[in-house]
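One structure is given here, and the rest of the page talks about it.
Bear in mind that the values in this text are calculations on the coordinates, not laboratory data. The shown structure was predicted, so the numbers you read here are calculated from the model rather than taken from an experiment. All Cβ positions, glycine included, derive from the backbone under ideal geometry; neighbour counts span all protein chains shown.
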Amino acid sequence: MDERIYQIAEQIVEMHQKAYELYLPLVEDVCGRIVSEDELSHLLDYVLEFACDEKILGLYKRVCRRYLYIYPSCVKSYIEAYREMWEDGDEDTKKRFPA
């Protein structure tokens, strides 16, 4: 049983690494130009699914910071979506994406 749990945890780590490698060039592209609100929303939807991982959360924050003053209501809704999906209410998680 313990070995199976270890294998599942290892697969999750690998999946997060693959997601990071996939999303990094997309984030760099989106942060290097101005995209439509729809394109921004599509990217944030996908990245949000993996934002429990610290490296991917960094990508998510990078995009949010880049577009906060361009599409403020959109970005604010994605910050709230992150909080609803990934924060459990303790102080440590609140520090990850401060208000």
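Apply the Karplus parameterisation 6.51 cos²θ - 1.76 cosθ + 1.60, with θ equal to phi minus 60°, to every residue of segment 58-73 and state each ³J(HN,Hα) to the nearest whole Hz, in sequence, with x for glycine and proline.
With the stated coefficients, segment 58-73 comes to x, 5, 4, 5, 4, 5, 4, 5, 5, 10, 4, 8, 8, 10, x, 5 Hz.
Which one is right for this structure if Cα Rg over 2.2 N^0.38 Å is calculated from it: [x] 1.26; [y] 1.17; [z] 1.41?
Computing Cα Rg over 2.2 N^0.38 Å and matching it to [x] 1.26; [y] 1.17; [z] 1.41 gives [y].
ALA9 to ILE34: FRET efficiency via 1/(1 + (r/R0)^6), r the Cβ-Cβ distance, R0 41 Å, to the nearest 0.05? Write out the running numbers ahead of the final one.
Working: r = 39 Å, r/R0 = 0.96.
Computed FRET efficiency for ALA9 and ILE34: 0.55.
Need one number: nm distance between label points at LEU22 and SER41, each 7 Å from Cα along Cα→Cβ, rounded to one decimal.
Modelled inter-label distance: 2.2 nm.
With +1 on the Cβ of every Lys and Arg and -1 on the Cβ of every Asp and Glu, and nothing else charged, how large is the dipole of the chain about its Cα centre, in debye rounded to the nearest 20?
For the chain, the charge dipole is close to 540 debye.
Within the chain, how many Lys pairs sit with Cα atoms under 17 Å apart, leaving out pairs fewer than 8 places apart on the same chain? Intermediate results must be reported in sequence, preceding the final value.
Working: LYS18/LYS55; LYS55/LYS94; LYS55/LYS95; LYS61/LYS76; LYS61/LYS94; LYS61/LYS95; LYS76/LYS94; LYS76/LYS95.
Lysine pairs meeting the criterion: 8.
Within 13 Å, Cβ to Cβ, of GLU39, how many net charges do the neighbouring residues add up to if Lys/Arg are +1 and Asp/Glu are -1?
Within the 13 Å Cβ shell, the charges total -2.
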